[in-house]
1. Tell me, for chain B, which Cys residues have no other cysteine's C-beta sitting closer than 4.7 Å.
2. Can you tell me how region A:78-163 classifies by the Cα gyration tensor, rounded, prolate or oblate, using a/c under 1.5 as the rounded cut?
3. If all Cα-Cα distances of chain A are sorted into 10 Å bins from 0 onward, what percent lands in each bin, rounded to whole numbers?
4. Give me the extension gain from residue B:196 to residue B:12: residue separation times 0.36 nm, minus the current Cα-Cα distance, reported in nm with one decimal.
5. Please compute, for peptide B:94-102, the average count of beta-carbon atoms on other protein chains lying within 10 Å of each residue's beta-carbon.
6. Work out the mean other chain Cβ neighbour count within 10 Å for the residues of B:31-42 and drop it here as an integer.
7. If we hang a label 7 Å off Cα along the beta carbon direction at residue A:161, how far is it from the matching labels on the other copies, in nm, shortest first?
8. Considering only the other residues whose Cβ falls under 10 Å of the Cβ of residue B:88, what net charge follows from Lys and Arg at +1 and Asp and Glu at -1?
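Just so you know, all these numbers are worked out from the coordinates, no wet-lab data involved. In this text, all values refer to a predicted model and were calculated from it rather than measured experimentally. Quick reminder, even Gly has a Cβ in these numbers, built from the backbone with ideal geometry, and neighbours come from all protein chains shown.
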2 protein chains.
Amino acid sequence: MNPPSTRIPVVEKVLSANDRIAAEIQASLDANKTFAINLMASPGAGKTSLIERTVTALKSEFAVAMINGDTSEAAFDAERSQRAGALSVHINTSGKCHLEAAMIRDALAQIPLAGVRLLIIENVGNLVCPSAWQLGAHVSVLIGSIPEGDDKPYKYPRMYSGVQALVINKIDLLPYVDFDMARFRRGVETLNPGLVSFPVSCRTGEGLETWLDWLRAQLP
Amino acid sequence: MNPPSTRIPVVEKVLSANDRIAAEIQASLDANKTFAINLMASPGAGKTSLIERTVTALKSEFAVAMINGDTSEAAFDAERSQRAGALSVHINTSGKCHLEAAMIRDALAQIPLAGVRLLIIENVGNLVCPSAWQLGAHVSVLIGSIPEGDDKPYKYPRMYSGVQALVINKIDLLPYVDFDMARFRRGVETLNPGLVSFPVSCRTGEGLETWLDWLRAQLP
């Protein structure tokens, strides 16, 4: 919710305070050699499924932690990630539409970062609000999902233009929906030229090796 | 975005001003015997597809108008609805995550309500923020989508608890995804007992007649 009458001064002040906390978080992550991802997507695009697959594949190589934000007390996502093998913390945003750096700072108090090489922050399912809030992560990753349709880059340009990697999930559904990959990619390329992307199916496992290799290559 | 430090007083004041405009809108709709729906959903759940189907089916019976809110200038949804046969107005929220009553008031200046029996307001694709803003519509309708997963009522309780009807779209994808309808329905029933729901496929047309009959029965 953006209170219109006071939006600009209030939000700028809050965002600036948020950015300071985010910078402190990143410094703490760097001191521990922990690489962090801010994972964003629509509700149901597959954030938790991607985390499950990622943790399962990488946990024998190094420790992974996960912080999950949801608008309610339902902690299914953190529980799924925990079962996959990541130390997981659930944040209830109490209806807020995005995560903020102060929430991440509080959650990190429950995670001993020493030894954790990868931290995945699962943002609230939302293609609008999370893009405005720095969390201290090193990269922002967006998941687009085939059944959402090929028009999403055009309709949510701030989200698509502000990320460093794009996972295109649910490619196993391509035969059953109307999705023009060329149109989708044109929209992405216009907003975010050269954006690295990973077509995957978290359901079947297709394409995940390329994503995992990219992830390994990012680690400090 | 919710500026945390000033959230409660500022937002309450803005919401109260918003509610006054919403009440004026509803009075104007009632004077013209126009029934209005606030249609909400995640990005890509099928809001525009449902509107296309609805307009195509009903336009021989009465005039339908549509107001569409998106975070960008991309007016695809209003264009699709216009082609289907509804007088359509696009609102660019310029990054805002929801529609507000004042935006609807401005859009209605472009729609001659006399003769329009059904107005569909297509909100920004977002399962969090739109639920807080009254727009003057008579009912709020939510679209849930099968590929989003069966956990959405549990994770977005404010959205699921605040609507008067639920369309469950993309049932044609049920054979290809993991979706437990009983779990989904338990979540809905807990939040919103007796909520009327319409399982449909906007792609194949399945289930739409029941939705259309319900809609006809709502008209003044």
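1. That list is B:202.
2. prolate
3. 8, 34, 38, 17, 3, 0
4. Contour length minus the Cα-Cα distance gives 63.2 nm.
5. Mean shielding count: 4.
6. Averaged over the peptide's residues, the number is 1.
7. 3.7
8. -1
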